[in-house]
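Values quoted throughout were computed directly from the atomic coordinates according to the rules given, and no laboratory measurement underlies them. All of these numbers come straight from a predicted model, not from anything done at the bench. Quick reminder, even Gly has a Cβ in these numbers, built from the backbone with ideal geometry, and neighbours come from all protein chains shown.
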Amino acid sequence: MMRSALTLFQKDIRLLLGRGSGLVQALLLGFLLIFLFSLSADMATPTTAKAAAAIFWMASAFCQVLIFNTLYGYEEGQGQRLGLLLGKTPPQAVWLGKGAAALVALLLVQALLLPAIAVFLRQGFVALWPQAILALVLANLGGVGLGSLLGALSQGQGAKESLLSIILFPLLLPLFLMGIFVFAAAFTGEHTQEVGAWLRLAAAFDGTFLGAAYLLFPYIYTAE
Amino acid sequence: MYAALHAVTQFYGSRLVFKGVSLRVEPGQVLLLAGPNGAGKSTLMRLLAGLLLPTQGTVSFGEALQHNRQALAYLGHQSFLYPELTALENLHFWNAWEGGKATRSMCEAVLERVNLLPFADEKVKGFSRGMAQRLTLARVLLQNPLLLLLDEPASGLDTQSSTMLHAEIAAAKQRGAAVVWISHHIAHDIALADAVALLEHKRLAFYGTPAEFATRSTAEPAGGAA
């Protein structure tokens, strides 16, 4: 299964980076959101750390939806989904391959969004670097685990963008809250005991999301 | 036995496709599936490919197919090809996905067999229908499968490519592979077949040798099958 997942991951990354459309769209949307929110801030007083963190995670969430729509869109049109289901490769290889490709794409996008946050919203990490990175990893892991499951659910649906957002966003709320809280703490440098508690909570959600997505994926992806 | 259908009845929702179909696919056998449009030929193929579960009855596979991921290859109405990848990349991807370890030279060799080697590094989105069909055939051949399921493989192919298709089916049979083949050109393709199955009137109307089929067709022409 791991070899097939790696094969799919390599193919998706090649298409995503080679063609660029999905990634560029996501990036432009992220930049646009950050820029628009920066216009609402007063020049004298920068956006608060919590607001900046919320804008970052909101941009990430929308980018994630675009990335999954692009990734699952590759298997539409020529019946490629059926091809992936032929043979004896477990369907979870699709979930894993797509999830891994989305994680790399999302990290690439976020690596460019963070400097935009620094420039337009005048925020930057001043402390809690390890915790902020861990928060990024945990929020993204849970996000792509669940996104890969729900991306499969919305594959082939006419209004897939809406369907994916409607189901995905409410479920990811705990991870977004954690991300906002930890990033705000990292932007201000105010150490707090609650950071650890948020990270543990996110880890628990990740475990639940990843486990449930792994188990449910074959039922969703193989359904006609 | 490579695959067998035992008293299979298939519904799509409340619509009956066919009922009580039983047949066997033996090693080295070419089974020609005939029947008018909508008779359920492609449905039967999808059952054999494991893409559908029968409403009633069972589909079983021989030992050789149960433990080999690459043993079964399916060429359906859709090509499974990624338009943004090149011909070589498509072959590589599908081979690796099925657990194969085909090298570039192996992929090139199979592209040469289907006369696509000059287009190996071109993106599939620029291919004509016939070229895409030949590349799909190359994908199937690269697998070196024991059971080939070919749903109208000649569609979009010119005369030269149809001859190549016949040669590949004969070669597969020669090495002991079984081929289940849906064709609308029975008169042309029956020479390669060892058995003919005719789906008509929601049932298996005929299942026997090409000679028996020819006798039956003379006595009672099969609508749209020949």
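So here's what we get for this one:
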{"read-out": "Segment residue A:41-residue A:127, extension gain: residue separation times 0.36 nm, minus the distance between their alpha carbons", "value": "28.6 nm"}
{"read-out": "Stretch gain in nm, segment residue B:55-residue B:14, where the contour uses 0.36 nm per residue and the Cα spacing is subtracted", "value": "13.7 nm"}
{"read-out": "Segment A:40-113 and segment B:19-38: distance between their alpha carbon centers, rounded to Å", "value": "45"}
{"read-out": "Electrostatic dipole magnitude of the protein assembly as shown [Cβ: Lys, Arg +1; Asp, Glu -1; Cα centre; debye, to 20]", "value": "260"}
{"read-out": "Calculated FRET value between residue A:50 and residue A:216, using beta carbons and R₀ = 41 Å, to 0.05", "value": "0.75"}
{"read-out": "Dipole magnitude of segment B:1-134 about its Cα centre (Cβ charges: Lys, Arg +1; Asp, Glu -1), debye to nearest 20", "value": "440"}
{"read-out": "Residue mean of other protein chain beta carbons inside 10 Å, B:42-55", "value": "1"}
{"read-out": "Fewest-first sequence of B:45, A:2 by Cβ atoms within 10 Å of each Cβ", "value": "A:2, B:45"}
{"read-out": "Charge-dipole axis of the protein assembly as shown as Lys and Arg at +1 and Asp and Glu at -1 on Cβ define it, positive-most pick from B:156, B:44, B:1", "value": "B:1"}
{"read-out": "Pairwise centroid distance, computed over Cα atoms, of segment B:55-133 with segment A:114-144, Å", "value": "42"}
{"read-out": "Computed over the protein assembly as shown, Cα set: Rg, Dmax in Å", "value": "26.7, 95"}
{"read-out": "Peptides A:176-188, B:123-135 ordered by average Cβ neighbours within 10 Å, highest first", "value": "A:176-188, B:123-135"}
{"read-out": "Net charge dipole size for segment B:90-226 [Lys, Arg +1 and Asp, Glu -1 on Cβ; Debye, nearest 20]", "value": "320"}
{"read-out": "Chain lengthening between residue B:216 and residue B:103 when straightened (0.36 nm per residue, less Cα-Cα)", "value": "35.9 nm"}
